[in-house]
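Shown next, in structure tokens, is the structure this report addresses.
FYI, it's all coordinate maths here, none of it is from the lab. Since the structure is predicted, the reported quantities are computational estimates derived from the model, not experimental observations. Every residue, glycine among them, receives a Cβ derived from its backbone with ideal geometry; neighbour counts consider all protein chains shown.
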Amino acid sequence: MEVLAMLRQLIGQVKQLLELHAASSSSSNISFHPQTPPLLHLPRFYFLNRDENSAEDSCFNIIMTAGKSENLKMLEPGKPPPKKKARKERNRGEVTGTSHSIENLDQQIWKEFPEDLIEAVVARLPIATFFRFRLVCHKWNSMLTSQSFSEQCAQVPQPQPWFYTITHENVNTGAMYDPTLKKWHHPTIPALPTKLIVLPVASAGGLVCFLDIGHRSFYVCNPLTRSFKELPARSVKVWSRVAVGITLCGKSASEGYNILWVGCDGEFEVYNSRNNSWDRPGTMSSNIKLPLALNFKSQTVSIGSKLYFMRSDPDGIVSYDMVTGVWKQFIIPAPLHLSDHTLAECGGRIMLVGLLTKNAATCVCIWELQKMTLLWKEVDRMPNIWCLEFYGKHVRMTCLGNKGLLMLSLRSRQMNRLVTYDFSTGKWMKVPGCILPRGRKRQWIACGTAFHPCLTAVA
Amino acid sequence: MASSSKTEQKKMLILKSSEEEEFEIEESIAVQSGTIKNMVEDDFTLIPLPNVDTETLIKIIKYMKKHGEKTKSNEKDIEEFDKEFVKKSFTELKELVLAANYLHITSLIDLLCQAFADRIKNKSVKAIREIFGIPNDFTPEEEAEVYEQHKWAHEEGKEHIDHSAY
């Protein structure tokens, strides 16, 4: 009966309170006045059935809602106080059952972890982990589109490039290789619309540029987030084979990018992502010998604002500067017995990679361009023991990525070996076979390009 | 009159923790902290740090002293120090990164954030929610959709997921 007495006292106090604030229109906004001491003695038991999800534990909140007329219903003696509704309706799913037990008080402290620090931590997670953690909550899921998160990512040192490849069998879906974890990833939802047959031709800032198999249309895509764009049509009417290069206007894709295509007749055009249009910034200078016998098997090299393409007849390199619009030609004699060669780059140095075949022996060699003398100097070779595998066999080599970390596909009639070579350490590594999940067969890799995984690059 | 002191008189500062304990430190080393640098420019020599407790401050001073003597030749040594420095409990790391953030010591913030990321990268989504006190605000349908988008990230390496929340 003590309880009844307390309740009656309470009724009296609340009635007093209402009389004091009869003038205030909204009864839900009674402020706490220190001069009304009766309120200080509100018994705690009254509010036992507070909303489990409420993180606010203070008396003040309770006092504020005491004025609500519906709460007066709680004062009927004999009836248990009904569940108090949280003032703000919070849409919470499952409750972490541990949030109120004493031993997990420590975890409550984690809530004060500032957002920018959380973003700094998340920006340093491996890519696959980042995608797993998108399931944590809506906020983490939308980090990809957050400007501040994008800035955090830009501050983290560039990881090794990944490789986006197209397999012979599934020409419409890509397989991505992560060299740090030595893992192949097979995205379930393809980055590109499935009706297109496109081949990756160049990449910069986390974006990969694709050209359809008929050399007609260009597409740009971020393979990680599937951000995708088809570029407007070019002005040429004849769809001949072209070499393609892409450069960034600034430090990241968000500042814009330029894509150049060039054909054997010296025709070229540059796409500017900021205007979303193609321009013809002039004609190739007359010092470039035409027809331009471009080596279409070679991947383009981009260093800063310059693009480098391999040519033959005469052997050498042609370069284009996106900023000045100037074409330059460098005549560089090719090493003898060279085939399936491609340009590559590492830390601003231009490299050449190719097969050297002498009699029945084949070897993969690496040369570096000596800028002063314009000669190729051999700097490394694939270990002999690996080369022996190809002895006497007809081997074809395709470059699947040429930025700092080289990936090569070596094919003979019965096998397809994949290797990577790190220009900075000189290490050759074998790449595990590309096997589809729940599959057994190793996929044959047709072509590919290296790209720097960037979560926030938008096409 | 020649000044005969053998060692140059280095300017010293006093850092005071939230528990009122004081620590003397060379100014040249202390200014690795942007916050302290600003206060020095405003002519403070006694720097109160009400957001940093004594234990954490001691560790931070140790870090700054080590990084203060960085030269071209002892890079490896400093790398080793950094590796050992982050071998601490979750709670200690948390206190450190909050303090480093408050003190604006960029290299330490980067080091600690990377250490955190490495600590949590193999944890399950549920464990992450517990650690950061984040309730799940996905409906089952939304969850299934997000899961499907990046199924490859979830399926591969399932064996290595750590479910502990510490």
Listed residues A:ILE366, A:GLY401, A:LEU418: farthest to the positive end of the dipole of region A:362-459 (Cβ charges):
A:LEU418
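Given R₀ = 41 Å, FRET efficiency for A:ILE435-A:ALA361 by Cβ-Cβ distance, to 0.05? Please list the in-between numbers first.
Details: r = 31 Å, r/R0 = 0.75.
Calculated transfer efficiency: 0.85.
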Roughly how many debye, to the nearest 20, is the charge dipole of region A:234-309 about its Cα centre, given +1 on each Lys and Arg Cβ, -1 on each Asp and Glu Cβ, and no other charges?
120 debye
Dimensions of region A:151-299 along principal axes (Cα, Å, largest first)?
48, 38, 25
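So for A:LEU343, A:LEU181, B:LEU112, fewest C-beta neighbours within 10 Å to most, what's the order?
Working: A:LEU343 21, A:LEU181 13, B:LEU112 27.
So the residues, fewest neighbours to most, are A:LEU181, A:LEU343, B:LEU112.
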Between rounded, prolate and oblate, where does region A:160-449 land on the alpha carbon gyration tensor, with a ≥ b ≥ c its root eigenvalues, rounded for a/c under 1.5, else prolate if a/b exceeds b/c?
oblate
Rounded, prolate or oblate, given the Cα gyration tensor of region A:111-156, with a/c below 1.5 counting as rounded?
rounded
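Using the beta-carbon distance between A:ARG442 and A:ASN275 and R0 = 45 Å, what value does 1/(1 + (r/R0)^6) give for FRET efficiency, to the nearest 0.05? Don't jump to the answer; show the numbers that get you there.
Values: r = 44 Å, r/R0 = 0.98.
After rounding to 0.05, the efficiency reads 0.55.
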Using label points projected 7 Å from each Cα along Cα→Cβ, tell me how many nm separate A:ILE11 and B:LYS87, to one decimal.
6.9 nm
Full-extension gain in nm, A:ARG226 to A:HIS138, via 0.36 nm per residue minus C-alpha separation:
29.8 nm
Treat the count of other C-beta atoms within 10 Å as a stand-in for reagent exposure and order B:GLU130, A:GLU115 from fewest to most.
A:GLU115, B:GLU130
Using only the alpha carbons of region A:122-191, determine the length spanned along each of the three principal axes and report them from longest to shortest in whole angstroms.
40, 26, 18
FRET efficiency estimate (nearest 0.05) - Cβ-Cβ, A:LYS427 to A:LEU375, R0 25 angstrom:
0.45
For region A:265-404, evaluate the Debye formula with one uniform point scatterer on each Cα (no solvent term) and list log10 I(q)/I(0) at q = 0.10, 0.19 Å⁻¹, rounded to two decimals.
-0.39, -1.15
What dipole magnitude, in Debye to the nearest 20, does chain B give about its Cα centre under +1 on Lys/Arg Cβ and -1 on Asp/Glu Cβ?
660 debye
Links that overshoot a 19 Å alpha carbon limit, given the list B:LYS16/B:LYS37; A:LYS297/A:LYS393; A:LYS430/B:LYS83; B:LYS37/B:LYS88; B:LYS16/B:LYS62; A:LYS306/A:LYS427
A:LYS297/A:LYS393; A:LYS430/B:LYS83; B:LYS37/B:LYS88; A:LYS306/A:LYS427
Express in nm, to one decimal, how much length is gained between A:LYS182 and A:MET415 on full extension, taking 0.36 nm for each residue of separation and deducting their alpha carbon distance.
81.9 nm
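Quick one: net charge around A:CYS346, please, counting Lys, Arg +1 and Asp, Glu -1 for every other residue with C-beta under 12 Å from its C-beta.
Details: positive: A:ARG349, A:LYS403; negative: A:GLU345, A:GLU368, A:ASP380, A:ASP422.
Once all neighbours under 12 Å are counted, the net charge is -2.
Net charge within 12 Å of A:ASP279 by Cβ-Cβ distance, Lys/Arg positive one each and Asp/Glu negative one each, not counting A:ASP279 itself? Intermediate values should be presented prior to the final figure.
Details: positive: A:ARG234, A:ARG274, A:ARG280; negative: A:GLU269.
Residues near A:ASP279 contribute +2 overall.
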Over 26 Å between Cα atoms: which of B:LYS11/B:LYS87; A:LYS251/B:LYS65; B:LYS66/B:LYS123; A:LYS183/B:LYS76; A:LYS182/B:LYS123; B:LYS10/B:LYS65 fall into that group?
B:LYS11/B:LYS87; A:LYS251/B:LYS65; B:LYS66/B:LYS123; A:LYS183/B:LYS76
